[in-house]
Amino acid sequence: MKQTMKFSWLALILAPLPVPIIYSVLLEMANLGKSPILAILFFATLGCVVSYGATLFLFLPCLFVVSRFIPLTGRLTCLTGTLLAAVVYLPVTWECYASSGVDSGPPEGTFIHYLRQYGFGWDFWAFLVAGLVTSMLYWFLANLASKRHPQTFAGIDA
């Protein structure tokens, strides 16, 4: 009997949701605008695109592959989510680097130099925390669903 990753629709729907909402509220609180509710909804929507996209197309497939080699634990799931958040951060940093030149033109230095200088700021840590929190929520909700409905849970292959 080989154990695979636990999957739950509830976990898939709810786990990526809190981080974009919390970050959008914090972003709006840092710089209040004329319509804070609209700004929160706008930034939360943008954050959800990244969060759900990373969960669907990066986190879940990686969890599935990892679960084929070693049994998944809460720590391993959280580590996977945090490492994948760092991977998602790299294209964002590349885009910032590509537009870092004079008048948003070509950059002056190398990407490695840019990464060393700006790559590990608050936004890097925000990505890591988002990956950690999302993976923790997914693990908790998927385990909760598997305990609640064990007869419909398809987490064990024969």
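Each reported figure results from applying straightforward, stated rules to the coordinates on display, with no laboratory input. What you see is a predicted model; the values in this text were computed from it and never measured. Glycine gets a Cβ as well: all are built from the backbone with ideal geometry, and neighbour counts include every protein chain shown.
Numbers for the structure displayed
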item	result
Where trypsin sites (Lys or Arg not before Pro) fall in DSSP loop in region 1-102, at most 16 other Cβ within 10 Å	Lys34
Ascending count of other beta-carbon atoms within 10 Å, so fewest first, for Trp94, Trp9, Trp122	Trp122, Trp9, Trp94
Calculated FRET value between Leu38 and Leu115, using beta carbons and R₀ = 30 Å, to 0.05	0.30
Between helix 36-54 and the chain: long-axis angle, C-alpha atoms, 0 to 90°, nearest 10	60
Relative contact order [Cα under 8 Å, 6+ residues apart], region 2-151, whole percent	37
On Cα atoms only, tilt of 18-30 relative to the major axis of the chain in degrees	20
Whether region 2-151 is rounded, prolate or oblate, judged on the alpha carbon gyration tensor where a/c under 1.5 counts as rounded	oblate
